Number of protein chains: 2
Amino acid sequence: MSTTIREIAEKTGVSITTISQILNGKGDRFSEATRKKVLHAAEQMKYKPNFFAKNMIKNHTNTIGMVVPEVTDAFFSQLVKGAEDYLNGEGYMIMLCNSSNDTKREDHYIEELLHRAVDGLIIASPHILDSEVFTRLKDKRCPFILLDRERNERQEGRIAVDDFAGGYEATKHLIDLGHRDIGIIVSDASFYNVFERFEGYRKAMQEHSLPVLEKWIVSGDQTMQGGLDATRKLFEQDAQVTAIFATNDLMATGAYRYAYEEGIAIPETLSVIGFDDIELAAFMTPPLTTIRQPIYEMGALAAKALLGKIEHPEEAMPNHLLKLDLIERSSTKRFDSGSSSTV
Amino acid sequence: MSTTIREIAEKTGVSITTISQILNGKGDRFSEATRKKVLHAAEQMKYKPNFFAKNMIKNHTNTIGMVVPEVTDAFFSQLVKGAEDYLNGEGYMIMLCNSSNDTKREDHYIEELLHRAVDGLIIASPHILDSEVFTRLKDKRCPFILLDRERNERQEGRIAVDDFAGGYEATKHLIDLGHRDIGIIVSDASFYNVFERFEGYRKAMQEHSLPVLEKWIVSGDQTMQGGLDATRKLFEQDAQVTAIFATNDLMATGAYRYAYEEGIAIPETLSVIGFDDIELAAFMTPPLTTIRQPIYEMGALAAKALLGKIEHPEEAMPNHLLKLDLIERSSTKRFDSGSSSTV
């Protein structure tokens, strides 16, 4: 065990109460000699205040709780890294929890983290949070920031990307390449951001007087397997598309996998565009054209805003609307209307 | 703020000290009436003991610290998930820290976690730990388990895979397919497990009276980019191989990317085998033949052993030597010696 105040007391002959007050900077009323003796002994004996005892007094843990839906998802692990790198630089640690996209588990974790007296919370959630959770956060006076895909209304600390514009841009890229019959893979779950991407797709199609056929729209889990299953559905319902907009990169990976199985060449016969620009996107074969979200930066910005709030609770956290960029790689290609459609 | 003991005192007229003792189950010397009054008020007022205060007494946090080299690496996020799922099921949370493969940062995190009085530590590390770290762990009486690729010697809590056997099996698979000129991508850093895989490769080659040419051995970062760079090196030094053993799947992804760039067909012209079987392996095009490590299970086993140690400190943690399996997919193919080699 590390040195305790009791051991310092034994060594110096000074009472525990006195030592405790001196070590906590409240020893003004004791003699200079006593203070020197105690501080010298503490230094010699490498005394380090017990974390809990210290925090009973300072009420500060230098720990930020972070809840993410799925740490194995490349998007979220990148988000965590952005937050962590920033926080580490400022002397904070992250207590990371995985909600597995489950609302109850998420609520439970937020509750547990509050109970553990973290200094603040970063909550990455695809859900509308229970109003009770907000009440708890407020009651505990725990600063928090949401990375919630714009699900929960608020006036400060919004770190958002324009999913609608991203969906529009992805679709317009395909239309500009001459594609007319464009499938879209959306999410099974009702994620607001995916809905926005879909609306962007619909707007781009409408603006170019293109219909959106029901058979072009498929949904699945936002995973590689989900993308594979959704692409299979698309082809099995004879969608006749020449291009696919996968609303995240993992699903695009599944589309590649389906195309490989069926001998469909990307981009020669089928163009695919993703969304996110996870690290993998540049390493897919062919490298994936996608809409880049500044994921790492979002994590870092959330961490920065939260620390600002912890230091200046009276100031509102800044809002950020981040830019999305089209990253053109090799998975999309000009559609030659002379060739037959693929599905 | 939540209900405090002070508020219960105000409501009941009982002293803070008495209430504290009653709520901590040490109130036997008080009257039944007083005890009932206090417990009833605490229930009514939804009193929840302050986490730090409670832990000053119980010295138990239900928190496990976990240090990993890189949470964005699919291998480690899978390992974390295995540990987390097990721990959550047992009512524990994980405080996750990312060492970024840096020994100093790792030491610092272990120290910080100890300072935060976690109940135990899971340390996933590619390093030999500083002996001071072990001393600290011992001094703090903090149970820990290492997922350290067999770097640190110990008698209990070894969760290992036979990397040598895995390297041997991967290479033998290629030899059995008729390959003779087999390149290997190892790690820049001196990771013990990668060295073992390399030794397995060497043994398989020797057993089949095949030479191991220096130009067949390249190294890089254990990342997708590292695999790409290493494969480029291999080809630029005119290695003349027909197959590559990438000692992890991420590096295999980089090899695919190089082959794509250069128009080299996998597996028709070049066979590639990986190591790990991360989720991505099954979704690569072509799906990657690899050596499966039971990553999720390793995380869960480590968590289980650690909790066992926390409950029964006197008992040794079990050792596990886990099986590696060859997963044959589509990235390796019989080499027809009639065709020319590729590099």
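Computed from the coordinates by the stated procedures, all read-outs in this text should not be read as laboratory data. It should be emphasised that the depicted structure is a prediction, and the values quoted were computed from it without experimental measurement. Every residue, glycine among them, receives a Cβ derived from its backbone with ideal geometry; neighbour counts consider all protein chains shown.
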Inset, instruction - Using Cα pairs closer than 8 Å and at least 6 residues apart in sequence, work out the relative contact order for chain B, in percent. - result: 17 percent
Legend entry - Centre separation in Å (Cα based) which lies between the stretch B:96-162 and the stretch A:229-296: 41 Å
Legend entry - Residues B:Ile145, A:Ile128, B:Ile266, sorted so that the one with the fewest Cβ neighbours within 10 Å comes first: A:Ile128, B:Ile266, B:Ile145
Legend entry - Dimensions in Å of the stretch B:65-188 - Rg and Dmax from alpha carbons: 17.3, 56
Legend entry - Most mobile listed residue (B:Thr290, B:Thr72, B:Thr269) in chain B, GNM with C-alpha springs under 10 Å: B:Thr72
Legend entry - Net charge over other residues, Cβ less than 9 angstrom from the Cβ of B:Glu196 (K, R count +1; D, E count -1): -2
Inset, instruction - Please say if the stretch A:230-318 is rounded, prolate or oblate, where rounded means a/c under 1.5 for a ≥ b ≥ c the square roots of the C-alpha gyration tensor eigenvalues, and otherwise the choice is prolate for a/b larger than b/c and oblate otherwise? - result: prolate
Inset, instruction - Measure up A:Lys81/B:Lys333; A:Lys104/A:Lys138; A:Lys140/B:Lys104 against 28 Å on the Cα-Cα distance and list the ones that go over. - result: A:Lys81/B:Lys333; A:Lys140/B:Lys104
Inset, instruction - Compute the signed sum of charges (Lys and Arg +1, Asp and Glu -1) over the other residues within less than 13 Å, Cβ to Cβ, of B:Ile327. - result: -4
Inset, instruction - Please list the radius of gyration and Dmax for chain B, considering alpha-carbon atoms only, with Å as the unit. - result: 26.9, 96
Legend entry - Nearest-20 debye value, chain A charge dipole, Cβ charges on Lys, Arg, Asp, Glu: 1720 debye
Inset, instruction - Net charge near A:Ile184: determine it from the other residues with C-beta under 10 Å of the C-beta of A:Ile184, scoring Lys and Arg +1 and Asp and Glu -1. - result: +2
Inset, instruction - Would you mind estimating how fast the stretch A:272-338 diffuses translationally, via Stokes-Einstein at 10 °C and 1.306 mPa s with the Kirkwood radius over Cα pairs, in µm²/s? - result: 111 µm²/s
Legend entry - Charged-residue dipole, Cβ positions (Lys, Arg, Asp, Glu), the protein assembly as shown about Cα centre, Debye nearest 20: 3020 debye
Legend entry - Within the stretch A:180-280, GluC sites (Glu not before Pro) in DSSP loop having at most 15 other beta-carbon neighbours inside 10 Å: A:Glu268
Inset, instruction - List the distances, in nm and shortest first, from the label point of A:Arg29 to the matching label points in every other copy, placing each point 7 Å from Cα along the Cα-to-Cβ direction. - result: 2.7
Inset, instruction - Neighbouring Cβ atoms within 10 Å as the yardstick, rank A:Asp277, B:Asp276, B:Asp119 fewest first. - result: B:Asp119, A:Asp277, B:Asp276
Legend entry - For the stretch A:163-293, size of Cβ-based charge dipole, Lys and Arg +1, Asp and Glu -1, in debye: 200 debye
Legend entry - For A:Cys97, A:Cys142, order by how many other beta-carbon atoms lie within 10 Å, fewest first: A:Cys142, A:Cys97
Inset, instruction - With a ≥ b ≥ c taken as the square roots of the eigenvalues of the C-alpha gyration tensor of the stretch A:163-293, please select rounded if a/c is under 1.5 and otherwise prolate if a/b is larger than b/c or oblate if it is not? - result: rounded
Inset, instruction - Provide a whole-number value for the mean count of partner chain Cβ atoms within 10 Å of the Cβ atoms in peptide B:276-289. - result: 4
Inset, instruction - Provide, as a two-decimal number, the C-alpha radius of gyration of the stretch A:137-230 over 2.2 N^0.38 Å, N being how many residues it has. - result: 1.34
Inset, instruction - Pull up the DSSP beta bridges for chain A and report the antiparallel fraction as a percent, rounded to 5. - result: 10 percent
Inset, instruction - May I ask you to report, in nm to one decimal and beginning with the shortest, the distances from B:Ser190 to the same position in the other copies, taking label points 7 Å along Cα-to-Cβ? - result: 5.9
Inset, instruction - Starting from the exponent 0.38 and prefactor 2.2 Å, build the expected Rg for the protein assembly as shown from its residue count and divide its actual Cα Rg by it. - result: 1.10
Inset, instruction - Count neighbours as other Cβ atoms within 10 Å of each site's Cβ, and list the trypsin sites (Lys or Arg not before Pro) in the stretch B:108-147 that are DSSP loop with at most 13 such neighbours. - result: B:Arg141
Inset, instruction - Mind listing the label-point distances from A:Glu7 to the same position on all other copies, shortest first, one decimal in nm, points 7 Å along Cα→Cβ? - result: 3.9
Legend entry - Helix-only [θ]222 nm of chain A, DSSP H runs n ≥ 4, -39500 (n - 2.57) each, per residue, nearest 500: -13500 deg cm²/dmol
Inset, instruction - Extending each Cα 7 Å along its Cβ direction at A:Gln206 and A:Ser15, get the distance between those two points in nm, one decimal. - result: 7.8 nm
